[in-house]
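The values are calculated or read from the model by the stated rules, or taken from the named source; none is laboratory data. What you see is a predicted model, and the numbers here were worked out from it, not measured in a lab. No Cβ is skipped: glycine too gets one built from the backbone with ideal geometry, and neighbour counts run over all protein chains shown. All accessible areas refer to the heavy atoms of the entire protein, side chains included, with ligands and DNA or RNA removed. Shrake-Rupley method; radii C 1.70, N 1.55, O 1.52, S 1.80 Å.
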Amino acid sequence: MAEDSKIFEENKNWDRRLEKEAEKKVNSLKWTFSPSSEKKIFSIDTPPPYTSGRPWHLGAAAQYSKIDAIARSQRMLGKEVLFPVGMDRNGIPVERYAEKKYDIKMRDTPRDKFIDLCRESLDELEKEMFEILRSFAYSADFENVYRTDSVEYRTLTQSTFIEMWKKGKIIRGTRPSNYCIDCGTTIADAEIEYKEMDTNLVYFYFNIKGSDKKILVASTRPELLGACSAILVNPEDERFRDLINKTAITPIYNKEVKIIAHSYAKAEFGSGAVMICSYGDYNDVMIIKELKLPENIIIDTNGRMNENAGEKLKGLKVKEARKEIISMLQEAGYVEKIENIQHRTPMCERSKTPIEIIPLDEYYLKVTDIKDKLEELANELTMIPEQHKQILINWLKVSTDWPISRRRYYGTEIPLWYCTKCNEPYIPEEGRYYQPWKEKPPQNAVCTKCGGREFIGDDRTFDTWMDSSVSALYVTKYLSDKDFYEKTYPLSLRTQGIDIIRTWLNYSILRCYLLTDKLPWEKAWIDGMGLDEHGEKMSKSKGNGIDPTIVIDKYGADAFRFWAASEALPGSNFLFSESRMQGSAKFLTKLWNVARLINQFGKSEDINEAELNESDKWIIAYTEKLTEECRKGYEGLNPFIPANKIREFVWNVFAPHYIELVKARAYGENFSENEKKAAIYTLNYVLNRILLLIAPVTPFITQTLWDVLYGKESIHYQRIPESKKYDDAILLLGDKLMEFNSKIWNSKKEKKLSLRDEIKIEIPQDLKPFEKDLKSMHNIIN
RNA sequence: GGGCCUAUGGUCUAGUGGUUAUGACGUCUGCCUUACACGCAGAAGGCCGGGAGUUCGAACCUCCCUGGGCCCACCA
């Protein structure tokens with residue numbers, strides 16, 4: 001032991017350097033799940049982090065460190081823990097990352113080549129992610145990492161899609177999409193940039209049916225007049241009060257449209273009346289959906305007006321059509337004025353031309369028919385904290401069928417082909433990974449409708465949530481291992497951030513329910529967001545993301561983890577703060593020095609309770625109470641409680657009161673050998689327990705201290721003991737004891753005495769059992 | 001703009017009908033007391049965002065307002 005203690009002689013503080021030394025040990029522990037274990041199973045569906053983020057935000061790392069504390073605590077509470085780690089690798093972010101990195105454009109690059117470049121980027125980025133996770137001792141099963149773009153994972157995504165297709169859950173429909181006419185393709189929201197453009201705001205009249213009144217409308221898109229399906233006015237707007245619910249007549253087209261009161265129309269903009277067209281912008285999409293207005297498409301995918309636009313406009317490009325309709329309106333005397341305004345226009349960031357919103361044929365997963373059931377499931381799910389459930393419930397009420405097809409490259413392919421004769425879809429069997437854009441359908445494929453044998457593959461991919469929403473099925477081996485699945489599904493827990501309730505949580509419940517008839521987990525643990533020091537969400541676009549590696553190198557991983565656990569209750573947002581991170585580091589040094597001191601005294605064999613002094617009994621009772629509280633915290637998946645309780649105990653009770661009380665006794669000054677033994681026994685009893693209780697939060701320092709002081713086997717393989725019964729009366733007495741200590745310190749201070757100086761003071765009757773320790777602590781003479 | 005969440009000493013945070021309202025960081029004062037100056041002891045600092053209501057009683061329940069956050073949507 002003397003050898004081990006060298007670390008204490010050489011280091012007065014806990015720091016990152018010592019952590020690095022412990023890292024080998026801490027990270028060499030294996031956490032492979034054993035399904036045949038006798039222990040109760042605790043399984044966690046953790047978010048596979050998205051691989052393209054660099055640097056990974058501190059907020060995200062903090063969340064993962066809390067999840068890790070939960071996994072570790074469950075192990076130490078005696079559970080067999082399934083704690084998988086995955087990487088989410090599909091979708092637009094990596095496509096855009098690769099475009100930037102290699103200075104290429106997705107649609108100008110052969111798909112095969114582009115996919116390879118994405119994969120290369122992902123492999124590099126992934127390495128970095130793993131390094132960060134390991135740097136703070138994330139204890140998932142790294143020997144069985146899953147990736148959402150692997151053949152196995154994509155097979156699951158496709159097979160479960162096929163299963164749902166067969167159950168009739170997949171439907172076709174049109175969906176207004178961002179369409180770049182110049183590029184001839186849909187583009188993602190992320191590929192849109194908004195630009196202030198000069199444009200004309202045209203004021204023109206609609207006649208009111210059965211009246212000689214008129215209504216003045218202002219529009220930047222008059223060419224969409226033929227697609228106008230309503231006019232909105234603000235319900236508060238006096239000018240239009242008597243026109244609400246009247247019918248207006250579209251100039252030129254002579255179609256009837258309703259005038260509807262809706263808060264979207266702003267009285268101060270334009271004329272106060274706005275025409276809703278399919279589709280001028282996304283507001284039109286929302287309003288048409290909300291008010292169930294008819295859709296009338298007048299722009300085709302070539303960017304030209306179609307027959308619905310009328311003979312004069314048909315075939316014209318959008319800009320030409322705008323000019324033409326303005327002069328038509330002017331000729332007919334409908335135009336009141338034309339204003340030149342700056343208009344924020346959505347542009348394709350690639351072609352720099354305005355995008356159009358055009359309905360395209362897409363696949364949907366049916367949601368609307370089971371909304372009641374989903375709400376029921378949501379209510380069954382235990383949510384931590386419970387208040388966040390409202391976000392899910394509210395979303396379920398307004399959610400619609402989920403569009404699942406995407407016109408992208410790096411994603412799981414939609415496993416469908418179409419008959420070249422009759423266009424009927426052909427769906428293959430489950431159990432294989434299909435790439436219809438470059439593969440022929442299975443050999444025996446025959447069109448179910450016309451018997452045709454020629455097919456063309458669907459070249460689309462799925463929305464990436466189609467992949468991640470079956471993570472609960474992947475990690476429980478839904479397709480590949482029946483026994484494993486039966487044992488682990490539904491999982492015990494889903495952990496995730498509040499920002500993806502509407503997506504990941506919602507879609508996971510939906511898909512897993514459709515496939516298994518059950519909720520995928522018993523509980524969902526929803527964390528808040530990591531915000532910067534000003535309280536704003538960290539994000540790359542704002543540039544306020546903080547690199548966790550820098551913080552960890554500076555303050556240490558345990559300090560980082562302790563900060564994350566102690567800063568806020570799960571579910572609350574937490575602000576990054578260097579000073580509080582530093583505070584956590586200070587606490588670890590405090591703990592380190594408590595251990596250094598206790599280590600000096602050596603060990604004592606177990607002793608009878610009868611041999612303990614009153615102070616010893618008190619601090620042991622306190623420790624049992626602390627154990628009870630911490631266990632409750634961990635059982636409730638709330639590391640905030642143990643982190644704060646332990647800090648308070650160590651810093652405000654154990655160190656200043658108990659240790660000071662028994663220091664002299666432990667040194668053996670003026671005490672019997674038995675009394676000395678009792679002190680040393682108790683000091684170690686308490687320290688041992690503190691280490692066990694805080695180990696899930698701070699794995700490095702506890703590993704190091706445990707090795708030196710107590711352990712052959714790693715602390716992380718130990719159990720947190722059940723708390724023993726304790727006597728409340730002695731705790732109350734202990735409170736008085738601490739008050740008395742303060743009183744003495746105060747009075748020494750008043751008398752300008754040093755803490756070592758003698759003092760004459762009466763020890764209260766009820767504190768007599770502590771008399772000997774008190775006298776030596778304060779140097780009391782009478 | 002819509003929905004939801006939230007508001008506690010300078011900063012962050014616990015508390016959720018009756019407590020002298022918790023703790024941390026910071027500040028101030030005095031101390032290197034054989035573990036720690038990343039420390040010890042002491043102190044100052046809060047009309048629990050504003051207004052109204054429910055109640056014998058509200059930081060805690062209800063409503064309105066204001067600020068902040070998240071998600072969605074973004075100006076005809």
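What the table shows:
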read-out	value
Complete set of residues in region A:263-303 that are among the β-branched types (Val, Ile, Thr) and within 9 Å of RNA strand B (Cβ to nearest atom)	A:VAL274, A:ILE276, A:VAL285
Conditions (1) open to solvent by less than 10 Å² (accessible area, probe 1.4 Å); (2) touching an Asp or Glu at 6+ places or on another chain (Cβ under 6 Å); (3) more than 26 Å from A:ILE607 (Cα to Cα); number of the one not met by A:PHE770	(3)
One residue from A:PRO520, A:PRO570 being more than 13 Å from RNA strand B (Cβ to nearest atom) and within 18 Å of the chain's Cα centre (by Cα)	A:PRO520
Enumerated helices (runs of 4 or more DSSP H) restricted to region A:315-407, each holding at least 3 residues that are more than 30 Å from A:SER469 (Cβ to Cβ) and within 16 Å of RNA strand B (Cβ to nearest atom)	A:318-331
The lone exception for A:GLU268 - which of (1) assigned to a loop (DSSP other than H, G, I, E, B); (2) open to solvent by 60 Å² or more (accessible area, probe 1.4 Å); (3) in contact (Cβ under 8 Å) with a residue 12 or more places away in the chain it fails	(3)
Answer from A:ALA643, A:ALA666, A:ALA678 - the residue that is of a type outside the set (Phe, Trp, Tyr) and either within 22 Å of A:GLU739 (Cα to Cα) or in contact with a Ser or Thr (Cβ under 6 Å, 6 or more places away or on another chain) (or both)	A:ALA643
In region A:656-715, residue most open to solvent (accessible area, probe 1.4 Å) [restricted to those that are of a type in the set (Phe, Trp, Tyr) and part of a helix (DSSP H, G or I)]	A:TYR667
Test: residue in region A:582-596 that is surrounded by fewer than 20 Cβ atoms within 10 Å (Cβ to Cβ), of a type in the set (Val, Ile, Thr) and more than 16 Å from RNA strand B (Cβ to nearest atom)	no
Unmet criterion (only one of (1) in contact with a Ser or Thr (Cβ under 9 Å, 6 or more places away or on another chain); (2) on the phi > 0 side of the Ramachandran plot) for A:PHE560	(2)
The lone exception for A:GLU430 - which of (1) crowded, with 18+ Cβ neighbours inside 10 Å; (2) in contact with a helix residue (DSSP H, G or I) (Cβ under 6 Å, 6 or more places away or on another chain) it fails	(1)
Flag if A:LEU232 is at pLDDT 85 or above, touching a Gly at 6+ places or on another chain (Cβ under 8 Å) and either among the hydroxyl-bearing types (Ser, Thr, Tyr) or within 12 Å of RNA strand B (Cβ to nearest atom) (or both)	no
A:LYS477 vs. criteria out of contact with any Ser or Thr (no Cβ under 9 Å at 6 or more places or on another chain), charged (D, E, K, R), over 30 Å from A:LYS537 (Cα atoms) and not in a helix (DSSP H, G or I)	no
Answer from A:ASP553, A:ASP558, A:ASP547 - the residue that is at pLDDT 95 or above, acidic (Asp, Glu) and more than 7 Å from RNA strand B (Cβ to nearest atom)	A:ASP558
Residues of region A:211-243 satisfying the condition of being outside any strand (DSSP E or B), open to solvent by 10 Å² or more (accessible area, probe 1.4 Å) and in contact (Cβ under 8 Å) with a residue 60 or more places away in the chain	A:THR220, A:ARG221
In region A:272-311, residue most open to solvent (accessible area, probe 1.4 Å) [restricted to those that are of a type in the set (S, T, N, Q) and in contact with a helix residue (DSSP H, G or I) (Cβ under 9 Å, 6 or more places away or on another chain)]	A:ASN308
Pair list, Cβ < 6 Å and 6+ apart or interchain, from region A:528-539 residues that are assigned to a loop (DSSP other than H, G, I, E, B) to residues that are more than 7 Å from RNA strand B (Cβ to nearest atom) and modelled with pLDDT under 75	A:ASP532/A:MET538; A:ASP532/A:ASN544; A:MET538/A:ASN544
Subset of region A:437-464 [touching a Leu at 6+ places or on another chain (Cβ under 8 Å) and either open to solvent by 20 Å² or more (accessible area, probe 1.4 Å) or part of a strand (DSSP E or B) (or both)]	A:GLY457
Members of region A:93-116 found to be open to solvent by 20 Å² or more (accessible area, probe 1.4 Å) and of a type in the set (A, V, I, L, M), listed by number	A:ILE104
Unmet requirement for A:LYS645, which otherwise passes all of (1) in a helix (DSSP H, G or I); (2) at pLDDT below 95; (3) surrounded by fewer than 20 Cβ atoms within 10 Å (Cβ to Cβ)	(3)
Only listed residue being basic (Lys, Arg), open to solvent by 80 Å² or more (accessible area, probe 1.4 Å) and under 40 Å from the mean Cα position of the chain (by Cα), chosen from A:LYS314, A:LYS323, A:LYS352	A:LYS352
Positions within region A:299-336 being under 18 Å from A:TYR179 (Cα atoms) and of a type in the set (Lys, Arg), in sequence order	A:ARG304, A:LYS317, A:LYS319
Residue satisfying condition, being without any contact (Cβ under 8 Å) to a residue 40 or more places away in the chain and more than 18 Å from the chain's Cα centre (by Cα), within set A:LYS371, A:LYS389	A:LYS371
Condition met for A:ARG350 (of a type in the set (Lys, Arg) and in contact with a Cys (Cβ under 9 Å, 6 or more places away or on another chain))	yes
Qualifying residue in region A:726-734 (condition: of a type in the set (Gly, Ala, Ser), away from RNA strand B (no atom under 16 Å from the Cβ) and within 27 Å of A:MET76 (Cα to Cα))	no
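The rows are residues; the columns are (1) within 10 Å of RNA strand B (Cβ to nearest atom); (2) at pLDDT 95 or above; (3) hydroxyl-bearing (Ser, Thr, Tyr).
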{"position": "A:LEU612", "(1), (2), (3)": "no, no, no"}
{"position": "A:GLY636", "(1), (2), (3)": "no, no, no"}
{"position": "A:ILE641", "(1), (2), (3)": "yes, no, no"}
{"position": "A:ALA664", "(1), (2), (3)": "yes, no, no"}
{"position": "A:ASN674", "(1), (2), (3)": "no, no, no"}
{"position": "A:THR682", "(1), (2), (3)": "no, yes, yes"}
{"position": "A:LEU691", "(1), (2), (3)": "no, yes, no"}
{"position": "A:PHE700", "(1), (2), (3)": "no, yes, no"}
